[in-house]
1. D6 versus (1) at pLDDT 60 or above; (2) not in a helix (DSSP H, G or I): which is the lone unmet condition?
2. Can you spot a residue in the range 234-242 that is farther than 30 Å from R111 by Cα, at pLDDT 85 or above and not polar (S, T, N, Q)?
3. Take the range 163-196 and flag every residue that is surrounded by fewer than 18 Cβ atoms within 10 Å (Cβ to Cβ) and not in a helix (DSSP H, G or I).
4. Give the range 275-306 a look and list any residue that's loosely packed, with under 13 Cβ neighbours inside 10 Å, in contact with a strand residue (DSSP E or B) (Cβ under 6 Å, 6 or more places away or on another chain) and at pLDDT 85 or above, or say none.
5. Which count do you get for residues in the range 344-353 that are modelled with pLDDT under 85 and either more than 20 Å from T327 (Cα to Cα) or among the small types (G, A, S) (or both)?
6. From the set of residues in the range 215-238 that are among the small types (G, A, S) and outside any helix (DSSP H, G or I), which is surrounded by the fewest Cβ atoms within 10 Å (Cβ to Cβ)?
7. Report yes if D226 is at pLDDT 85 or above, over 27 Å from I346 (Cβ atoms) and not polar (S, T, N, Q), otherwise no.
8. Restricting attention to the range 326-341, and to residues there that are in contact with a Ser or Thr (Cβ under 8 Å, 6 or more places away or on another chain) and surrounded by 15 or more Cβ atoms within 10 Å (Cβ to Cβ), which single residue is modelled with the highest pLDDT?
Amino acid sequence: MSKPLDPKSLRAQILFFLDQHSRSGSREYVTDVKLAQSLQQTISETRRQLDILEEQGLTTTANAQQGRRARISPAGSLEIEGLRPVGTASGLARRRFFISHAAEDRRIAERVDEEIRNRLPGNTTFIASRPGDIPAGEWFETVKKELRGADAYVAIITPRSKDRPWVLWEHGAAWMRAKKLISTRAGIRTKDIPEPLKLFQIYSLEEEESAAEVFKELGDTGEDLDAFCEKIKQETEAGLESTPARQVPPPIEVRWAGGTTKRWEKLTRHLEIHLRGDGPVEITNVEAWMTHRDDPETRYPGQNRGRVPATLGGDQSSLDYTFHFFTNDIPEELRGEQGNPRNLIILSAEVHYLDRDGHSGKRAVPELVVT
């Protein structure tokens, strides 16, 4: 059971005042100034609390002019005559819901978002695939921030998302936050969901009784969800029947830049990464190595002097990484005359990234023979 609002709090006092006012039958308009004076509070703080309540569907105009009666039930729910109960009193403050999903399931996530907004007005949601939710160049940092700041999490598991690393990562991060985590499924049976996801309680978004439990967990009554479930079924079927997305070129170009410098046993070379597609693109790892022509299977890692992870997008359209390779790492028997293996060294590199939809990819850099 949700914890009722502390009767000493200003918001509880406002609700009590409006409750008594509407019970009296008065049609007098209750101004914020009058309310502040009656409760012996500052106007600014009173207005702030009223803004929160009004976003939940309770307005002084509605109560006074239309005569609707409002009260806090023994269970701690705000009930307005003629309206659906608006959550619990402890949940009247604005809440932020993180909706975890695969990019291909964006339409399902939008349906869930739409239903949450309709049933729990005043609360907000975060959907990583929704345009505008993530500023350009800040994909990874924004997702981390939203995961930390969310009050509850709704994870959507489908045949497309069940094996996605980022969905698993978001699910695990939400679980570690020890806040409300609601795992849901669409287009997939629970027994077909891999561990560790299947170890959680998983609700179906396509079955009305199960979907009702999802919205009850979020603070709604869970009633009248047949239309919502039908929409989820339609979106799921459309997604599963659609043809695979058209293959698009990688959003980045990677190349060796400048020449190779040598000082004693150290070779230095620059690696450039340029944004060529739509951003943001998160560079998650950059690695380079050298091999010897006579022993191509053995890699000798280079030392990276650049920052990882890093983001391309917005004002940042390119990145430069400096790698140092130490020739004395190569066994002496493979070195050339006077211990100099130049003309026998091959440099290779690989860049791992996440595109704007959260899909992982990698770009290999053409091999470079050091001359």
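1. (1)
2. no
3. D163, R177, A178, K179, K180, R189, P194, E195, P196
4. N285, Q303 - these are the residues of the range 275-306 that are loosely packed, with under 13 Cβ neighbours inside 10 Å, in contact with a strand residue (DSSP E or B) (Cβ under 6 Å, 6 or more places away or on another chain) and at pLDDT 85 or above.
5. Final tally of qualifying residues: 0.
6. Applying the filter and picking the extreme gives G222.
7. Criteria met by D226.
8. R335
The values are calculated or read from the model by the stated rules, or taken from the named source; none is laboratory data. Because the structure is predicted, anything quoted here is derived from the model rather than measured. Note: ideal-geometry Cβ built from the backbone for every residue, glycine included; neighbour counts use all protein chains shown.
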